[in-house]
Amino acid sequence: MSFVDEFSEITRRDVPLGQYTWLKVGGPARFLVEPRSVDELEAVIQACLREEISLRVLGGGSNLLVPDEGVDAAVIRIVGEAFGQVSIDGTRVRAGAGALLSHVMSETVAAGLAGMEALVGIPGTVGGAIHGNSGTRHGDIGRLVKSVTVITGKGEKFVRQEDELSFAYRVSSVNELAVIEAEFELTQEDPDEIARRMRKQWIMKKSTQPLSFQSAGCIFKNPRGLSSGALIEQAGLKGARVGQCEVSDRHANFIVTQDNATAAEVRELIETIREKVKEVHGVDLELEIETW
Ligand code: EPU
């Protein structure tokens, strides 16, 4: 039986991926697969290996640029009940890779557990956040992680403990095909106090970032000791446009897209920014978003 026949209930062909990304651009996946359990995920990986179909994993799509030509691969979406559970035992929190950060945050804050609130306003899922060590200046997710269950491109599942993990500014050592779940250690604190801190950070974020627009958050990492947003603004690029994409007027490290924007336009704007910032400041900007 072929891969598509075997997994017909959870597989669709030629699915446009733009709808699953926050930039809302990008072409189709040859297959889009939504496994309903970890066992099914393992079986899908084995079948793709057998049929030599390449694999990609899609998290929340909030930090991702998909090319207009799409991807010749089976794209696995880690979503649904099997991957979205959050459970709390004392100060230990277990969350599925598909759980939204906002969901983990509301559960933990309500339970009087501090740590996750530093991530307020970051979209996306636990899996994506761990892979890219998402964070703000109040802290990143990596500092809270105790263990991560991953699955490799060969379908091997294992748990990586704290001493086998490393996290730095927007990078982690978690590079296997997919995260399945993670365990975090938080600290007990008065829920009102955590909520107050979270609200304050949220208000600040809303006032400085274009959160109501289509974007993938910050496009570039901050170079050591510098702010990409400030460098881009000082290079005179706020409001710079290519087609339906624009450097945000509110925060210059955000590219906002309108309907009908293309991935090629986003890429062109990224290149324009890089060249101009290099010319004006002599600084090479490094992408923060993931590109396929
Ligand atoms: N600035 C400008 N012009 C701009 C944007 C910023 O002059 O257009 C200046 C600000 O005035 C400020 C400095 O640059 O003096 C820093 O800006 P901001 O406070 O907005 O923080 P950031 O360094 O640009 C980082 C993260 C954000 C995170 C915020 C708040 C990176 C690349 N960005 O932004 O993360 O939300 O701190 O903690 O590390 C993301 O990773 O996608 C992201 C949005």
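Summary table below
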item: In the range 242-263, residue surrounded by the fewest Cβ atoms within 10 Å (Cβ to Cβ) [restricted to those that are among the small types (Gly, Ala, Ser) and within 12 Å of the ligand (Cβ to nearest atom)]; result: 248
item: Candidate set from the range 269-292 (those that are of a type in the set (Val, Ile, Thr) and crowded, with 18+ Cβ neighbours inside 10 Å); member that is farthest from residue 255 (Cα to Cα); result: 277
item: Subset of the range 1-55 that is in a helix (DSSP H, G or I) and small (Gly, Ala, Ser) - its residue that is farthest from residue 68 (Cα to Cα); result: 43
item: Residue count for the range 241-285, restricted to those that are over 24 Å from the mean Cα position of the chain (by Cα) and assigned to a loop (DSSP other than H, G, I, E, B); result: 3
item: Exclusive hit being among the small types (Gly, Ala, Ser), at negative phi and more than 10 Å from the ligand (Cβ to nearest atom), set 225, 153, 239, 229; result: 153
item: Single condition residue 106 does not satisfy, out of (1) touching a residue at least 12 places away in the same chain (Cβ under 8 Å); (2) surrounded by fewer than 19 Cβ atoms within 10 Å (Cβ to Cβ); result: (1)
item: Given (1) within 30 Å of residue 80 (Cα to Cα); (2) more than 12 Å from the ligand (Cβ to nearest atom); (3) in contact with a Lys or Arg (Cβ under 8 Å, 6 or more places away or on another chain), number of the condition residue 269 does not satisfy; result: (1)
item: Residue satisfying all of: in the range 205-218; closer than 14 Å to residue 250 by Cβ and in a loop (DSSP other than H, G, I, E, B); farthest from the ligand (Cβ to nearest atom) among these; result: 212
item: The range 67-88 residues that are among the basic types (Lys, Arg), paired with ones that are at pLDDT 95 or above and surrounded by fewer than 17 Cβ atoms within 10 Å (Cβ to Cβ) (beta carbon under 7 Å, 6 or more apart); result: none
item: Some residue of the range 215-226 being polar (S, T, N, Q) and buried (at least 22 other Cβ atoms within 10 Å of the Cβ); result: yes
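The values are calculated or read from the model by the stated rules, or taken from the named source; none is laboratory data. This one's a predicted model, so the numbers in the text were calculated from it and none came from an experiment. Virtual Cβ from ideal backbone geometry, glycine too; neighbours counted across all protein chains shown.
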